[in-house]
Amino acid sequence: MMRWIIESSLRISLLVVVLAAVMLVFGITQLRNVPVDVYPEFDPPLVEVQTEALGLSAAEMEALITVPLEADLLNGVAWLDQIYSESVAGMSSILLVFEPGTDPIRARQMVQERLTQTFALPNVSSPPVMLQPLSSSNRLMMIGLSSDDLSLIDMGVLARWTIKPRLMGVPGVANVAIWGQRERQLQVQVDPAQLAAQGVTLNQVIQTTGEALWVSPLPYLEASTPGTAGWIDTPTQRLNIHHLLPISSPEDLAKVAIAGSEGLLLGDVAKVVEDHQPLIGDALLSNGPGLLLVIEKFPGANTLEVTKGVEEALEAMRPGLNGIEIDTTVFRPASYIELAFGNLSTAVLIGAVLAALILLAFFFGWRTALISLVAIPLSLVAAGYVLYLRGATFNTMVLAGLVVALGVVVDDAIIDVENIARRLRQHRQEGSAKSPAAIVLEAALEMRSPIVFATLIVLLAVLPVFFMQGLTGAFLQPLVVTYGLAIFTSLAVALIVTPALSLLLLSNAPLGRPESPLVRGLQRAGNAILARMVQAPVLALIIAGVVILGGLAALPFLDLSPLPSFKQTDLLIQVETAPGTSRTEMNRIMAQAGEELRSIPGVRNVGSEIGRAITGDQVVGINSGELWINLDPAADYDATVAAIRAVINGYPGLFGQVQPYQPRRIGEALSRPEFDLVVRVYGPELGVLRDKSQEVQQAIAAVSGVAEARADRQAEEPQVEIEVDLAAAERYQIKPGDVRRQATTLLSGLRVGNLYEEQKVFD
């Protein structure tokens, strides 16, 4: 009976080993196709709504757009957890965070249904736009466009109507925002003094320009209802009517006669030119002004595959973009991932060689070392393959989970083999009549319960992470899930594969010397040290005290951040100047800083963005910008970063922080709040607010246990205020609304119609 059991066990062991080999080879092959990224997806289900209103101040944006949208339409959406809003000059951003587990598609549907009621908002802005869902590390790539032959307006036309639609069609691309975009426009630039001299009003110019076109968005003009041409029926056929607009250039528009005037043309009272809209942001590249395309990806998209798709699309368009220089090195996370994978492959190879040498030295036998060397990668590959089947993306936290689990995996791989080998040596020394196969089976069964209970204890230690709330829990869960899978697969390998390999390799193998000389030497050294400590306990206490004091002294110099420090070759410098700084001054500062940074050895490329872009991920004013620096991987990283910080610190009054690119919400996920308690003071008068905040600060600072109390004051931004004198307005028969509307037209412009050319639409 025992012989039959042993023979069956050998056949089953052989089958298990074959299946394990197939699993190892197949798993390694499939893992080469796994999605890869730097950071995990940790954002909860969220929806962002942006509204553009060129020319409105931040206070007007909040009063006219943000508050009505947030309070009257979006607040109270089903499954809504939190709602945040931010208003800057010309833009409103509302972020809706939904409860964990909410279906993102259903959340977007609920928000979209509310946005159908935005017709009730004041007609001062573009319609609110619900942005596409974005990955936590949303920026996939930044592409610089520059040209010595084409103007920025011509490049803007190509970017808006050719490049962006093609890139949006690449699988995985969620959004393409263009910094420095200059929309081609035909502009009628009016001089009020010239109008007065000719006896023409601004309303006449608006009416003339709008009604010269087929379609106008102004409802009080006849062009708002252009009508259809119809057809002509002859006795034998029907002829459709097609009107051809004779206006396609500034010269054509300048020849239109002004309504209500005698022989005056638009060109006689205004300057008709081709120009672009007032800019809300700009871009600077290594060779001067240009366009910066910021490409964002969907959640879970494979960074390497999407980057490859974008580069293939650009290469396919390159023959039709003559005269445009395309720079894809401004920001390219895929380069860092490829470099990191190369380094990881080298580290894994070196680690495998060292592990083999250590196992051979400790086991002092190639068979026992081989069993452990098979069990360790098999456990890790099996865990990775399970993650691949679950659709997970391999990132920093997944890798960290595998590294943390490696200690348990190695222990599981060694302890079972060591116990089996020890029992075989013991029975042979005792001259036992049992067969080697029976001894192997008995030794393997001895370790079942200890391994299972040890695994459960280890998993219980990380169980509380699953109950963590907020972004921190979402960020750490990939690490814990990977760790748990690695532990479970290690348990399965220790229970099934290790005994099978031991049964095949160790049953009839000579075990050689009973113990490794290295192990024996370490044991003797340990016993000698322990005996010395027992004989001189005071010396032991002194050594322990020195070690503890040394650890405490080194504590301030340790980086205790939960996120490892990556030496990424793409650096970000967030720049902010005083509120009210003009775009021209920002361009001058960023150009000068970029020139100095490019002169630093090790810096390959520098690009900068100023302000914001339509549907972009920055909700800032024109006084904010970002410098993107690409480093040479072969350069001295620390020295280069130190030189970059020295350059930025050399600009007085300029706030700049040098750091690797990180998702904008990662600080909220991992960092503790800057303050333990925040008290907000509200009121309409800024002066009274400052006085009251000072009183509150002093009162809180006097409370026992308060270490620091600081009042953050709002920065003042200079502005021009226009207040209508009602008595004077009455004398001239002018209404306050007329003043605002005409000032808006003269300063920000008024869109009176569109031109339709070659499947493109121009204002």
Could you grab me the full set of residues in region 461-484 that are over 14 Å from Asn395 (Cβ atoms) and open to solvent by 40 Å² or more (accessible area, probe 1.4 Å)?
Ala461, Leu463, Pro464, Phe466, Phe467, Met468, Gln469, Gly470, Thr472
Could you tell me which residue of region 52-76 is nearest to Phe98 (Cα to Cα), considering only residues that are assigned to a helix (DSSP H, G or I), of a type outside the set (A, V, I, L, M) and open to solvent by 50 Å² or more (accessible area, probe 1.4 Å)?
Asp72
Name the single residue, out of those in region 283-324 being open to solvent by less than 20 Å² (accessible area, probe 1.4 Å) and among the charged types (D, E, K, R), that is nearest to Pro104 (Cα to Cα).
Lys297
Residues within region 696-714 that are of a type in the set (A, V, I, L, M), exposed (fewer than 10 other Cβ atoms within 10 Å of the Cβ) and within 38 Å of the chain's Cα centre (by Cα), tallied
1
Tell me, please, whether a residue that is modelled with pLDDT of 80 or more, within 25 Å of the chain's Cα centre (by Cα) and more than 30 Å from Ile722 (Cα to Cα) can be found in region 54-73.
no
Take the residues in region 101-122 that are surrounded by 16 or more Cβ atoms within 10 Å (Cβ to Cβ) and among the β-branched types (Val, Ile, Thr); name whichever of them is nearest to Glu60 (Cα to Cα).
Thr118
Filtered residues of region 487-529 (kept if at pLDDT 70 or above and open to solvent by 80 Å² or more (accessible area, probe 1.4 Å)):
Phe488, Ile496, Arg524, Ile529
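Tell me yes or no: at least one residue of region 734-741 is within 30 Å of Ser249 (Cβ to Cβ) and free of Cβ contacts under 8 Å to residues at least 12 places away in the same chain.
Looking through region 734-741, at least one residue is within 30 Å of Ser249 (Cβ to Cβ) and free of Cβ contacts under 8 Å to residues at least 12 places away in the same chain.
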Just to be sure I understand, how many residues within region 653-668 are under 17 Å from the mean Cα position of the chain (by Cα), surrounded by fewer than 15 Cβ atoms within 10 Å (Cβ to Cβ) and modelled with pLDDT of 75 or more?
1
Filter pass, Val111 being in contact (Cβ under 8 Å) with a residue 60 or more places away in the chain and farther than 21 Å from Gln714 by Cβ:
yes
Within region 400-441, restricting attention to residues that are at pLDDT below 70 and under 30 Å from Gly484 (Cβ atoms), which residue is surrounded by the most Cβ atoms within 10 Å (Cβ to Cβ)?
Val440
Report those strands (runs of 3 or more DSSP E) wholly inside region 156-260 carrying at least 3 residues which are more than 42 Å from the chain's Cα centre (by Cα) and farther than 23 Å from Leu145 by Cβ.
231-233, 238-240
Looking at (1) touching a residue at least 60 places away in the same chain (Cβ under 8 Å); (2) open to solvent by less than 10 Å² (accessible area, probe 1.4 Å), which is the only condition Phe98 fails?
(1)
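Between Ala454, Ala444, Ala382, which is modelled with pLDDT of 80 or more, surrounded by 14 or more Cβ atoms within 10 Å (Cβ to Cβ) and under 21 Å from Leu359 (Cβ atoms)?
Ala382
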Of the residues in region 123-148, those that are in a loop (DSSP other than H, G, I, E, B) and open to solvent by 50 Å² or more (accessible area, probe 1.4 Å) number 6
Within region 276-288, is even one residue acidic (Asp, Glu), touching a Phe, Trp or Tyr at 6+ places or on another chain (Cβ under 9 Å) and assigned to a strand (DSSP E or B)?
yes
Just to be sure I understand, how many residues within region 25-47 are open to solvent by 20 Å² or more (accessible area, probe 1.4 Å) and not in a loop (DSSP other than H, G, I, E, B)?
7
Considering only residues that are loosely packed, with under 15 Cβ neighbours inside 10 Å, under 26 Å from Arg160 (Cα atoms) and at pLDDT 90 or above, which ones fall in region 732-763?
Arg751
Mind counting the residues in region 261-271 that are surrounded by 22 or more Cβ atoms within 10 Å (Cβ to Cβ) and in a strand (DSSP E or B)?
1
For region 211-244, which residues satisfy the criterion of being open to solvent by 100 Å² or more (accessible area, probe 1.4 Å), hydroxyl-bearing (Ser, Thr, Tyr) and modelled with pLDDT under 90?
Tyr220, Thr225, Thr228
Is it the case, given these coordinates, that Ala361 is in a helix (DSSP H, G or I) and closer than 18 Å to Leu505 by Cβ?
no
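A quick yes/no check of all residues on (1) closer than 24 Å to Val38 by Cα; (2) assigned to a loop (DSSP other than H, G, I, E, B); (3) at pLDDT 85 or above; (4) in contact with a helix residue (DSSP H, G or I) (Cβ under 7 Å, 6 or more places away or on another chain):
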| site | (1), (2), (3), (4) |
| --- | --- |
| Ile295 | yes, no, yes, yes |
| Val306 | yes, no, yes, no |
| Asp327 | yes, no, yes, no |
| Gly342 | yes, no, no, no |
| Leu357 | no, no, no, no |
| Val374 | no, no, no, yes |
| Val398 | yes, no, yes, yes |
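The values are calculated or read from the model by the stated rules, or taken from the named source; none is laboratory data. For clarity, every value in this text was computed on a predicted model and none was experimentally measured. We place every Cβ from the backbone using ideal geometry, glycine too, and count neighbours over all the protein chains shown. Ligands, DNA and RNA are excluded from the accessible area calculation, which covers all protein heavy atoms including side chains. Shrake-Rupley method; radii C 1.70, N 1.55, O 1.52, S 1.80 Å.
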